[in-house]
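Below is one structure, written out as structure tokens; comments come after it.
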Amino acid sequence: MATKWVGNPQHRLVTVGDSLTQGFQSAAIFNTPLSYPAIVAHELGCLPSFRHPLYEGHGGLPFNLELFLRDLEARYGRTVDWWEAPQALFRARGVMDRVEDYWERGPGRAVPSTTAIMHNLAVFGWDLRDALSKSADECRKRIDAPRDDLVNQLVQNAGERAALRVLPTRPQSAGALTQLGAAAELGKGTEGTDTKHGIETLVIFLGANNALRAVTELRVEWSKDAGFDSLDDKRRFTVWQPKHFTSELRKVAAEVAAIKACHVIWCTVPHVTIAPIARGVDDKVRPGSRYFPYYTRPWISDRDFDAHRDPKITDDEAQQVDDAIDAYNDAIAATVRAARSKGKDWYLLETCGLMDRLASRRYAEDPLARPDWWQPYPLPSALQALSPPPNSHFLAAKNGRRTDGGLFSLDGVHPTTVGYGILAQELINVMRLAGVRFFRPDGETLRQDPVLVDFDRLIRHDTLVNRPPGNLGSALGVLGWADEATDLFRRVFSVF
């Protein structure tokens, strides 16, 4: 028998997840007002009351690649000539040092005190175990004493510092609440009213970080029976064996089932090998294959790639990671089916299929590789009208105009603002299926179907799509130079 909910939920949308839900872009969390949950809240008509953390200092945490490139462009123009390289490197390290000082020793070190629980409870870099075990108290314990490292100039414990702005810290007892515990508090409803549940729609989007480091580090290290569920030991692994993922998923699902939410939407895990941070080298292994012989950094050309020297994973490793993610998603789907059979109003958002339909090199440009179910994703008309329409290639620009890409930000992993808009639209479609009502910004005027995301608004706010850095050439020379000179990407992605 289905649960009978009464009253009007106080919290219309609550989200639990990782960087994709928090709104991470270009290697930093800074644009939370344009995360996909905030976009959905805008379309729901409840954005003014939708609580989310802010990271407004020095471009966010840990290091904003967009602001970094714009700083270099302002000083050196659209190219860094060879005789300017030493000065440019000095300036790059200076930018990194200022960011580090701000968050470790400056104003960014202070955590705003609040008794209210955020509606967007996502934290970048978190996986299933983090959602089960990490609290504000635990994060504080894990923040090391800051040290001004002249070589490794990146914010220490950036993930924990970011989490302290998400998880409740007041009153004192709230510091022990995890992501899921905080959501459960929101679900309790309001005493003295007829509302027996506090959340209308709860979104759970976890699991990408149980495989993402395989492509951000270009290293496949499978989880072991000992340590996969330990906050300390799990850092050794970049991909979880499906049995370990399923074990953690059962624990997460049990906690989610106890949260008083009218509707719960679970999101599947995208294939991480689609992200352009890992570019396929040369032609595919064979006609019709989904995979390339090697995957390396997007700024390393086919001509320059050296399998003995450059970071890489092989086609076999990429396929094994994808197969594991397919098993993760089978487990998530089974979890939703089991809950629905018991009367819970749970739904599945196929974010894995969504990203596959947007995958340019894997499917859109190779008809022979397309599975029977594959159809290209129809971009909203406002995106189709852009020149060129956005795709999943790494972002490229010439003379300050975008020439390629547009769905992924400069880290090659996380969406641009319009990319998050696509995810928001798909979530809205599922919410409408569940019977969720959407209102105009006044919060009172009911919207009729179809409820569509305002992509014109998002395009205006998306600086990577409408005004990309002028020094972002098609050969990705600037980012490649920055990575070679400062080991930037390894350091940035070490937070995941």
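All of the numbers you see were taken from the coordinates with simple rules; none came from a lab. For clarity, every value in this text was computed on a predicted model and none was experimentally measured. Here Cβ is always computed from backbone atoms with ideal geometry, including for glycine, and neighbour counts include all displayed protein chains.
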- Task: Before rounding to the nearest 500, sum -39500 (n - 2.57) across all DSSP H runs of length at least 4 in the chain and divide by the residue total; then give [θ] at 222 nm in deg cm²/dmol.
- Result: -10000 deg cm²/dmol
- Message: Show me, for segment 118-131, the HN-Hα J-couplings you get by feeding each phi into the Karplus relation (A = 6.51, B = -1.76, C = 1.60, θ = phi - 60°), rounded to Hz, glycine and proline as x.
- Response: 4, 7, 9, 9, 7, 9, 5, x, 8, 10, 4, 5, 4, 4
- Task: Please give every one of the lysines within straight-line cross-link reach of LYS134, meaning a C-alpha to C-alpha distance under 25 Å, and leave out same-chain neighbours fewer than 8 residues apart.
- Result: LYS188, LYS224, LYS234, LYS243, LYS251, LYS260
- List the equivalent ellipsoid semi-axes of segment 95-149 in whole Å, largest first, each obtained as the square root of 5λ for an eigenvalue λ of the Cα gyration tensor. 24, 15, 12
- State, to one decimal in nm, how far the label point of ASP97 lies from the label point of ALA434, with both points 7 Å from Cα in the Cβ direction. 4.9 nm
- Item | Computed label-point distance, nm, for sites ARG142 and ARG250 using a 7 Å Cα→Cβ extension | 2.4 nm
- By count of other Cβ within 10 Å, fewest leading, how are GLU426, GLU221 ordered? GLU221, GLU426
- Query: Which angle from 0 to 90°, rounded to the nearest 10, does the C-alpha axis of helix 477-486 make with the longest principal axis of the chain?
  - Reply: 90 degrees
- Item | Within-9-Å neighbourhood charge of THR296 [Cβ basis; K, R +1; D, E -1] | +2
- Residue separation between SER289 and ASP323 times 0.36 nm, minus their alpha-carbon distance, gives in nm 10.8 nm
- Task: Note down the nm distance, to one decimal, between modelled labels 7 Å out along Cα→Cβ at TRP374 and at LYS224.
- Result: 3.7 nm
- Message: Just to be sure I understand, if you calculate Cα extents along the principal axes in Å for this structure, which of (i) 71, 52, 43; (ii) 71, 54, 51; (iii) 222, 56, 33 do you get?
- Response: (ii)
- Query: Using 16 Å as the cut-off for backbone N distance, which residues of segment 263-284 belong to the label zone defined by a point 7 Å from the Cα of THR314 along Cα→Cβ?
  - Reply: 281
- Zone of ARG78's modelled label, taken as backbone nitrogen in segment 393-411 under 18 Å from a point 7 Å along Cα→Cβ: 395-405
- Message: Can you list residues from other chains, or at least 5 along the same chain, whose modelled amide H is less than 5 Å from the amide H of ILE265?
- Response: LEU202, VAL203, ILE204, TYR347
- Can you give the angle from 0 to 90° between the axis of helix 242-257 and the longest principal axis of the chain, with both taken from C-alpha atoms, to the nearest 10? 40 degrees
- What angle do you read, to the nearest 10 degrees and between 0 and 90, between the alpha-carbon axis of helix 65-76 and the longest principal axis of the chain? 30 degrees
- Item | Extension gain (nm, one decimal) between ARG51 and ARG170, 0.36 nm per residue minus Cα-Cα | 41.3 nm
